[in-house]
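Student: Okay, handing you the structure first.
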Amino acid sequence: MAISNTSIKSMGTGLLLSISLVASAGADQQTFSPSQFTSVDLSKSLEVNFRCGSSPKVEARGTKKALENLQLSSDGGKLRITNDQFGDSWFDNDAVKLTITVSKPLSSVRAGLGVLLSVPECAVSGDSLDVDGYMGAKISVTGKSESLSLKLSHGAVFNENNEPFSVKKTLIDMEMGASATLCDTLAVSGDQSFGSSIAISKDTVNSVNSSMGASVTHSTCLG
């Protein structure tokens, strides 16, 4: 096993991030030490799990080629990661698995283009959370927050398995086949259209404007 230390220049920000690189059988690993952040923007074939710790860290695992094309930047309280290997070849295994350690709760999450994302309770802001999912993203969040702003489009999914996430009020903006399970929200408002759908409790105060084949269901939240 070869181990080396190097550095990477983030996307146009001039920020240098520390990396340790570990080459192992069939896959490589990299560890990044970004500056502190409370917002993330993740795109292109990433499998992401968050955990909580004393200092921010990103651990990446994938093929050498995929990691060479992994773009990461951290500035202004936002962490951005994109997998530029995504879609380069039909035959390449371009997925990158990330474990991201946060030292402060997240207030904003954006994910798209095949990103699978899981955020535990300790990593969620108790005041408010903004979630933006697009192009097949699957986002799961647990815990609780005072308010949720949820924007989903093009098949993005939020809490597909009815993860325990409690919110007092939720504002949605959903379209193009997106779906969200919001069983434990007290009130929901906003707009959904073009085949999008939400699942809510029968006790939820529903002020959602649904159009163009959008739907509201309750069966997922029963029991």
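The values are calculated or read from the model by the stated rules, or taken from the named source; none is laboratory data. This one's a predicted model, so the numbers in the text were calculated from it and none came from an experiment. Reconstructed Cβ throughout: ideal geometry from the backbone, glycine too, with neighbour counts over all protein chains shown.
Student: Which condition from (1) within 13 Å of the chain's Cα centre (by Cα); (2) at pLDDT below 95; (3) part of a strand (DSSP E or B) is the one that R110 breaks?
Tutor: Here R110 meets the rest and fails (2).
Student: Looking at the structure I just gave you, is E160 buried (at least 19 other Cβ atoms within 10 Å of the Cβ), out of contact with any Gly (no Cβ under 7 Å at 6 or more places or on another chain) and under 22 Å from V115 (Cα atoms)? Spell out the reasoning first.
Tutor: Numbers: buried (at least 19 other Cβ atoms within 10 Å of the Cβ): no; out of contact with any Gly (no Cβ under 7 Å at 6 or more places or on another chain): yes; under 22 Å from V115 (Cα atoms): yes.
Criteria not met by E160.
Student: Tell me which residues, restricted to the stretch 126-138, are closer than 22 Å to S189 by Cβ and surrounded by fewer than 19 Cβ atoms within 10 Å (Cβ to Cβ).
Tutor: So the first thing to find is which residues in the stretch 126-138 are closer than 22 Å to S189 by Cβ, and the list is 126-134.
Once the filter is applied, which keeps residues that are closer than 22 Å to S189 by Cβ and surrounded by fewer than 19 Cβ atoms within 10 Å (Cβ to Cβ), the stretch 126-138 yields G126, D127, S128, D130.
Student: Hey, among the residues in the stretch 77-107 that are small (G, A, S), surrounded by fewer than 16 Cβ atoms within 10 Å (Cβ to Cβ) and modelled with pLDDT under 95, which one's nearest to L148 (Cα to Cα)?
Tutor: G87
Student: Does at least one position in the stretch 140-147 carry a residue that is touching a residue at least 12 places away in the same chain (Cβ under 8 Å) and under 14 Å from S193 (Cα atoms)?
Tutor: The answer is no; no qualifying residue exists.
Student: Which of the residues spanning the stretch 139-152 are more than 18 Å from T217 (Cα to Cα) and surrounded by 20 or more Cβ atoms within 10 Å (Cβ to Cβ)? Give the steps one after another, and end with the answer.
Tutor: Step one: list which residues in the stretch 139-152 are more than 18 Å from T217 (Cα to Cα), which gives 139-149, 151.
Those that are more than 18 Å from T217 (Cα to Cα) and surrounded by 20 or more Cβ atoms within 10 Å (Cβ to Cβ): I139, V141, S145, L148.
Student: Taking the stretch 124-164 only, how many residues are assigned to a loop (DSSP other than H, G, I, E, B), among the polar types (S, T, N, Q) and closer than 19 Å to V205 by Cα? Give the steps one after another, and end with the answer.
Tutor: Of the stretch 124-164, the ones assigned to a loop (DSSP other than H, G, I, E, B) are 125-127, 135-137, 142, 153-156, 159-164.
Remaining after also requiring among the polar types (S, T, N, Q): 125, 142, 153, 159, 161-162.
Within this subset, residues satisfying the condition of being closer than 19 Å to V205 by Cα are 162.
So the answer is 1.
Student: Tell me, yes or no, whether the stretch 165-181 has at least one residue that is β-branched (V, I, T), surrounded by fewer than 20 Cβ atoms within 10 Å (Cβ to Cβ) and either in a strand (DSSP E or B) or in contact (Cβ under 8 Å) with a residue 12 or more places away in the chain (or both).
Tutor: Taking every residue of the stretch 165-181 in turn, none turns out to be β-branched (V, I, T), surrounded by fewer than 20 Cβ atoms within 10 Å (Cβ to Cβ) and either in a strand (DSSP E or B) or in contact (Cβ under 8 Å) with a residue 12 or more places away in the chain (or both).
Student: Going by the conditions given, is D191 in the same structural domain as V131 (by TED's automatic domain parsing), closer than 29 Å to C122 by Cα and charged (D, E, K, R)?
Tutor: Values: in the same structural domain as V131 (by TED's automatic domain parsing): yes; closer than 29 Å to C122 by Cα: no; charged (D, E, K, R): yes.
No.
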